[in-house]
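Data block below; observations after.
The values are calculated or read from the model by the stated rules, or taken from the named source; none is laboratory data. Because the structure is a prediction, the values reported are computed rather than measured. Because the Cβ atoms are built from the backbone with ideal geometry, glycine has one as well, and the counts that use them run over all protein chains shown. SASA here: full protein model, heavy atoms, side chains in, ligands and nucleic acids out. Shrake-Rupley method; radii C 1.70, N 1.55, O 1.52, S 1.80 Å.
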Amino acid sequence: MANIREIARLAGVSVTTVSRVLNNHPYVSPTKREIVLKTIETLGYSRNLNAVHLSQGKTNMVGIVMPTINHPYFSGLLEGIAVEAKKHNVQLVLFQTDYTRDKELDALAQLRGGLIDGIIFCSRAIPFDILLQYKDSGPIILCEDADQQEFPSVSIEHVKAFNLGLDHLISKGHRKVAICLGRLEGTNSQKRIAAYKHKLKELGEMLCSDWILGQCLSIEDGNKVIAKYIEWDEKPTAFLVGNDQVAAGLISEANRIGLKVPDDIAVFSFDNHPVSEILNITTIEIPAKQLGIAAFNAFVEKSNHIDFADKIVLPFHLIERKSV
């Protein structure tokens, strides 16, 4: 197989010039660049990218850890990350974990082993103390409202947004509010539960643990919420729901059994995906794509040792419709 010395000899240029052409260096005359490229084509030369990456000390690949891509929030994050990755010629390595810790550890092991240059955690199940063990392995970016200084994080202010939802329902006369969240153990969910308990205390309302519902991620999960609602002796008058997919399933099933929204139950959600507009769901818009863009840029800056805000917070917006 041809090497760069042979290319240089046949093209009548220096090895340095060939190297510059291969690395798209700007300081090569158009004439010499054309000669070198034609010689490369004639010889059928191909670069050993593994060797190039090894010599540069990087792979030009970043790991993206998320539980699933089959959810509008996570697909929105991935879209934003992909837009920026393309600009930087960085490839994405997707770790779809379904919140399995072993799969998250696989991603971290690849970072430690130098197989990827960094990791963006769109959501995680792994405990923070284990994550800390990989701090020196490379850039790790968290997409969560994290109260820590060890890793850069990108998020909205989840507690502020959740309180806005609660206050909006309260302003409509609702004091008995159930909440539907994803993983109850997650950082963002724990903050939301704390905000919920604090608000109930302010209102002088008793906490009903049955009204804190976890594993609510999909339309089907929203259907199941109504099945539980029917069984409850004491019923909430409103639901504060963690995402539009669950809210859509909840409203669809409520309509099917003859409940009216918002007359019988009010529904407030998060995300502002198209389904919320179709079903007239009051929701808080979360800029998932912009969060993904910010997360990738944080990875780039961390990789290049550029000083930047370790906690990036993006704004959110209330979209009021007819479900409240």
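In table form, for the structure just shown:
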{"item": "Loop chymotrypsin sites (Phe, Trp or Tyr not before Pro), the stretch 172-254 (other Cβ atoms within 10 Å of the site Cβ: 13 or fewer; DSSP)", "result": "W232"}
{"item": "In nm, spacing of pseudo-spin labels at E150 and I230 (7 Å Cα→C-beta vector)", "result": "4.6"}
{"item": "Highest average packing first - 60-69, 252-261, Cβ atoms within 10 Å", "result": "60-69, 252-261"}
{"item": "Pairwise FRET efficiency - I69 versus E301, Cβ, R0 = 30 Å, nearest 0.05", "result": "0.75"}
{"item": "Within the stretch 249-289, backbone nitrogen closer than 20 Å to the virtual label 7 Å beyond the Cα of I170 toward Cβ", "result": "266-270, 282-284"}
{"item": "Å³ per residue enclosed by the Cα convex hull of the stretch 84-165", "result": "122"}
{"item": "Over the chain, relative contact order from alpha-carbon pairs under 8 Å, at least 6 apart, %", "result": "17"}
{"item": "Measure of compaction for the stretch 199-324 (Cα Rg per 2.2 N^0.38 Å)", "result": "1.30"}
{"item": "Cross-link reach list, lysines versus K311, counting only Cα pairs under 27 Å and skipping chain neighbours closer than eight places", "result": "K58, K86, K87, K103, K135, K160, K191, K197, K199, K289, K302"}
{"item": "Beta bridges by DSSP in the chain, antiparallel share as percent, to the nearest 5", "result": "10"}
{"item": "Highest-first arrangement of 310-320, 9-19, where packing means the average Cβ count within 10 Å", "result": "9-19, 310-320"}
{"item": "Inter-centroid distance (Cα atoms) of the stretch 170-194 relative to the stretch 118-163, Å", "result": "21"}
{"item": "Sites K260 and D136, calculated FRET efficiency, Cβ-Cβ separation with R0 51 Å, nearest 0.05", "result": "0.35"}
{"item": "Cβ-Cβ FRET estimate between L22 and L318, R0 fixed at 45 Å, reported to 0.05", "result": "0.30"}
{"item": "Solvent-accessible area per residue for the chain (1.4 angstrom probe, square angstrom)", "result": "51"}
{"item": "Net charge dipole size for the stretch 102-161 [Lys, Arg +1 and Asp, Glu -1 on Cβ; Debye, nearest 20]", "result": "100"}
{"item": "Compactness of the stretch 257-324 - radius of gyration and Dmax, Cα, Å", "result": "17.7, 58"}
{"item": "Computed magnitude of the charge dipole of the chain (debye, nearest 20; Cβ of K, R +1, Cβ of D, E -1)", "result": "1020"}
{"item": "For the stretch 101-200, with +1 on Lys and Arg beta carbons and -1 on Asp and Glu, the positive-most of Q190, L164, G138 along the dipole", "result": "L164"}
{"item": "Unit charges at the beta carbon, dipole of the stretch 158-300: most positive-side option, L250, P262, I212", "result": "I212"}
{"item": "Value of relative contact order over the stretch 164-234, rounded to a whole percent, pairs C-alpha under 8 Å and six or more apart", "result": "37"}
{"item": "With every protein chain in place, the chain: carbon and sulfur % of accessible area (1.4 Å)", "result": "50"}
